[in-house]
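Single-structure report; data block below.
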Amino acid sequence: MSEEKASVTLPDGKVIELPVVEGSEQEKAIDISALRSQTGYITLDPGYGNTGSCDSAITFIDGEKGILRYRGYKIEDLAEQSSFLETSYLLINGKLPTAAELQSFEDKIRIHTLLHEDVKSFYDGFPRDAHPMSILASVVISLSSFYQNEEGSPEEVSYLNSIRLMAKLPTIAAWAYKKSVGHPFTYPDNDRSYSENLLYMMFGLPVERFEVDPLIVEVLDTLLILHADHEQNCSTSTVRIVRSSGVNLFAAIASGICALWGWRHGGANQRVIEMLTHIQEDGGDVKKYIEMAKDKESGFRLMGFGHRVYKNHDPRASVIRKKCEQVLAKLNSNDPTLDIARKLEDAALNDDYFKERNLYPNVDFYSGILYRAMNIPVNAFTVMFALGRLPGWIAHAKEYTEDPKNRIGRPRQVYTGNVERAYTPIAER
Ligand code: CMC
């Protein structure tokens, strides 16, 4: 808590002082937690653009400068030098692991990659064209029925469930894909790395040897790192608020998966590739789509553009764009949507509408091109995002649970409905 105070003058002229809180990166907040009890007023902030819901020591974003750091480490350094599991350890435990700690974390995850055999039968109930995000969320919540009444302290049970989730989510995701193509489920091969195992379970078949370009494995691992956390975004806030009611970790994470699915959030990556493909098939006239995006009547937005927090570039998008160029060149792939994406970006960045509103490509703009280069089906792009975001959700659920000041998440409202009125019996209406 800093020494500074903010004062608010109420409509009746009364002035109250509110404490100012300062974060480790000099971010300042006015603590209004006693406002209602002192004055009867609440604050109103639809979409929570100015509302801090918690203290958090996990991820720092400076949206004006385009900075993203996990536990103090720059996203660019982690993307370049770390592995997804090392980054996951960092997010969940707050420090980079030693070689022995990382080995032990990886070993623990390895022994939990199998799903209970009974889980397999759930997949029979889904239609062949089920969206994989609905399968992912359903199977994750179903895990809570397999791991009930666990022994140990709440912290130990949560930690074990975190390991289970990290281990099993790739298997759940890969089997959702297998279901959609009618292939037999591929069981995990624990000799493979986390990301390679995911690709193996998605694309491996019992009738042939599975080999994958190490570059593809490396890029997938990098994408997962870039997605791993993003402070109090929609899905993470959902995980925290759902967890705050006292539910188990599976329930909280399943709710995060549901929140991520929407087009304003993680679902944008699927929408981006659909948009780029559509523009390309429509003759590639990017100017036409830029004009449409500016026209509020059109109902069209440039998918993969804009961000609530970044008002400069999104550092994740910069890393992904570079990877895209490298990977497509190395794979000798001539994906025409990359060219459309580049032209769209150039046109938008030189257009006053986008400049005035600080709209830049976000993490989802180029990621789909990479996923497509890996043969990931378009409707599974958001599943990849969920796999990446999992350690972030776990870290936030843990931070919330360990916070001695934690309370149930329960916003208030300004009621605008009818005032009290007399009930009319149905026969008289
Ligand atoms: N295309 C055209 N105009 C846009 C766009 C866009 N993609 N994004 C924002 N705007 C305009 C918007 O119409 C508004 O204009 P005005 O001030 O004239 O009314 C202004 O920019 C501010 O937009 P907003 O919707 O109030 O901003 P927000 O912070 O509430 O929404 C957003 C952020 C990401 C939902 C939004 O930019 C958007 O819809 N982008 C497209 C979907 C997308 O790419 N989502 C992925 C986000 S990054 C990954 C993640 O979070 O998971």
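Things worth noting here:
- Surface/4 of the Cα convex hull for the stretch 1-144, nm²: 15.0 nm²
- Global form of the stretch 5-52, assessed from the alpha-carbon gyration tensor, a/c cut-off 1.5: oblate
- The lysines whose alpha-carbon is closer than 17 Å to the alpha-carbon of residue 65, local same-chain residues fewer than 8 away aside, are 28, 74, 311, 355.
- Theoretical ellipticity at 222 nm over the chain - DSSP helices of four or more residues, -39500 (n - 2.57) apiece, nearest 500: -16500 deg cm²/dmol
- Heavy-atom SASA rank of 157, 327 (probe 1.4 Å, accessible area, largest first): 157, 327
- What you get for the stretch 5-52, charging only the Cβ of Lys and Arg (+1) and of Asp and Glu (-1), is a dipole of about 200 debye around the Cα centre.
- Estimated Rh, the chain: Kirkwood, alpha-carbon pairs, angstrom: 23.6 Å
- For the stretch 373-429, diffusion coefficient by Stokes-Einstein and Kirkwood Rh (Cα), 4 °C, 1.567 mPa s, µm²/s: 75 µm²/s
- Dipole size of the chain about its Cα centre, with +1 on Lys/Arg Cβ and -1 on Asp/Glu Cβ: approximately 840 debye, rounded to the nearest 20.
- The stretch 366-429: GluC sites (Glu not before Pro) in DSSP loop, at most 16 other beta carbons within 10 Å: 420
- Where the stretch 16-98 is the region considered: accessible area per residue in Å², 1.4 Å probe: 58 Å²
- Lys, Arg +1 and Asp, Glu -1 on Cβ, resulting dipole of the stretch 268-373 about Cα centre, debye, nearest 20: 480 debye
- The stretch 268-373, accessible surface, carbon-and-sulfur percent (1.4 angstrom probe): 44 percent
- Lys/Arg +1, Asp/Glu -1 at C-beta; the chain dipole; positive extreme among 35, 290, 219: 35
- Of the trypsin sites (Lys or Arg not before Pro) found in the stretch 98-157, those in coil by DSSP whose Cβ has at most 14 other Cβ atoms within 10 Å are 128.
- Sparse-neighbour loop sites [trypsin sites (Lys or Arg not before Pro); the stretch 1-59; at most 13 other C-beta within 10 Å; DSSP]: 14
- Options 365, 350, 280, ranked by Cα towards positive dipole end of the stretch 268-373, top entry (Cβ charges): 365
- Whole-number D in µm² s⁻¹ for the stretch 308-429, Kirkwood Cα-pair radius fed into Stokes-Einstein, 4 °C, 1.567 mPa s: 68 µm²/s
- Selection from 158, 103, 234, by position along the positive dipole direction of the chain (Cβ): 234
- With the alpha-carbon atoms of the stretch 268-373 aligned to their principal axes, the span from lowest to highest coordinate is 40, 31, 22 Å, starting with the largest.
- Over the stretch 58-205, equivalent-ellipsoid semi-axes from the Cα gyration tensor in Å: 29, 19, 16
- Three-way shape label, the stretch 156-305, alpha-carbon gyration tensor, a/c 1.5: oblate
- Spatial offset of the stretch 1-47 relative to the stretch 272-344 amounts to 41 Å, using the alpha carbon center of each.
- Taking 270, 103, 38 in turn, the Gaussian network model of the chain (Cα-Cα springs below 10 Å) assigns the largest fluctuation to 38.
- Taking all protein chains together and a 1.4 Å probe, the residues 186, 98 rank 98, 186 from largest to smallest accessible area.
- Once the mean of 1/r is taken over each pair of separate Cα atoms and inverted, the stretch 212-279 shows a Kirkwood hydrodynamic radius of 13.8 Å.
The values are calculated or read from the model by the stated rules, or taken from the named source; none is laboratory data. These numbers were taken from a predicted model, which means no experiment stands behind them. Neighbour counts are summed over all protein chains in view; Cβ atoms, including those assigned to glycine, are modelled from backbone coordinates with ideal geometry. For the accessible areas, the whole protein counts, side chains as well, though only heavy atoms, and no ligand, DNA or RNA atoms are used. Shrake-Rupley method; radii C 1.70, N 1.55, O 1.52, S 1.80 Å.
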